[in-house]
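Contents: one structure, followed by commentary.
The values are calculated or read from the model by the stated rules, or taken from the named source; none is laboratory data. What you see is a predicted model; the values in this text were computed from it and never measured. Methodologically, a virtual Cβ is constructed for each residue, glycine included, from the backbone with ideal geometry; neighbour enumeration extends over all protein chains shown. In case anyone asks, the SASA skips ligands and DNA or RNA and just uses the protein heavy atoms, side chains included. Shrake-Rupley method; radii C 1.70, N 1.55, O 1.52, S 1.80 Å.
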Amino acid sequence: MVGFKWSPDSGGCFVIEQAYVQAGDKPTPALKDIRDRIAKAVDATEGSTGLKRLACWLQMPVDSAFGKMMDSNCQGRAKEVGALLSPGKDGLFTPADLGSVLSASAAWTGIDTALKAERAVYVNGPAEHVGGVKSKFTSGFHVIVFLAVGKDTDDRVYYLGLDPDVSATTESRAAWKALVAGEPETKPEEFTAAKSLGVVKSMILGDEEGGFGPLVRKYYVDTTAKFPKINRFG
């Protein structure tokens, strides 16, 4: 997917430029290591009910029309998912408010260090800044999780991020519709454990070996600038 920064579909909001992962990308940690961490963490929730697993990993709509989302708990979900994806003793890394730090560059240096130590990073910012261009969440804040840092061949730095929001992009919406067509859409509580496992892995890891699904994207952050302020009253 070509990187995007602004789209008429986003209501005129500026989001962090994003793109999908390419086979030749070589972030730190490596793509294979990230895939393995995600797969192991998703498998570890296997004892849960199907719906519980879905709600742990995905911010879902009530149906494929995306008229309403089941919850707005991006903060709690990012903390839980981030902890599951931080296997070491230091756990999830939560940086200072990226809209208020004294030095944005110093803050991102700390984030880089955490990522390279296999710690997931909790990234909180304005919904219209860190979300996807099709996201149902367009005001207040949104939280995603970063898992790696890398450079493109033109030396542009990117962060590999997991955004559990199924509504975030055209591709994520299409993937969700294909996966939940029929009975599971109208009766999500009847998702079997096996079905939920397949849905979560398809949305996050994709269906091709070595690739990723539409919820994992590259984020081209301006590490020299603070995040915009969160409008907590909008």
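Restricting to region 95-106, count the residues that are assigned to a helix (DSSP H, G or I) and open to solvent by 20 Å² or more (accessible area, probe 1.4 Å). Matching residues across region 95-106 total 2. The set of residues in region 21-65 being more than 18 Å from the chain's Cα centre (by Cα) and of a type in the set (A, V, I, L, M, F, W, C) consists of Ala23, Ala44, Leu51, Val62, Ala65. Of the residues making up region 182-199, at least one is assigned to a helix (DSSP H, G or I) and either at pLDDT 95 or above or open to solvent by less than 10 Å² (accessible area, probe 1.4 Å) (or both). Just one of (1) touching a helix residue (DSSP H, G or I) at 6+ places or on another chain (Cβ under 8 Å); (2) open to solvent by 50 Å² or more (accessible area, probe 1.4 Å); (3) closer than 19 Å to Gly198 by Cβ fails for Lys40. It is (1).
Out of Arg77, Arg35, one residue alone is within 14 Å of Val143 (Cβ to Cβ), at pLDDT 95 or above and part of a helix (DSSP H, G or I). It is Arg77. Applying a threshold of 6 Å to beta carbon distances and a minimum spacing of six or more residues, or different chains, the list of pairs starting in region 15-44 at a residue that is closer than 21 Å to Thr113 by Cα and ending at one that is modelled with pLDDT of 95 or more and open to solvent by 40 Å² or more (accessible area, probe 1.4 Å) reads Thr28/Lys116; Pro29/Glu118.
If a residue must be open to solvent by less than 50 Å² (accessible area, probe 1.4 Å) and at pLDDT below 85, how many such residues does region 46-74 contain? Selection size over region 46-74: 3.
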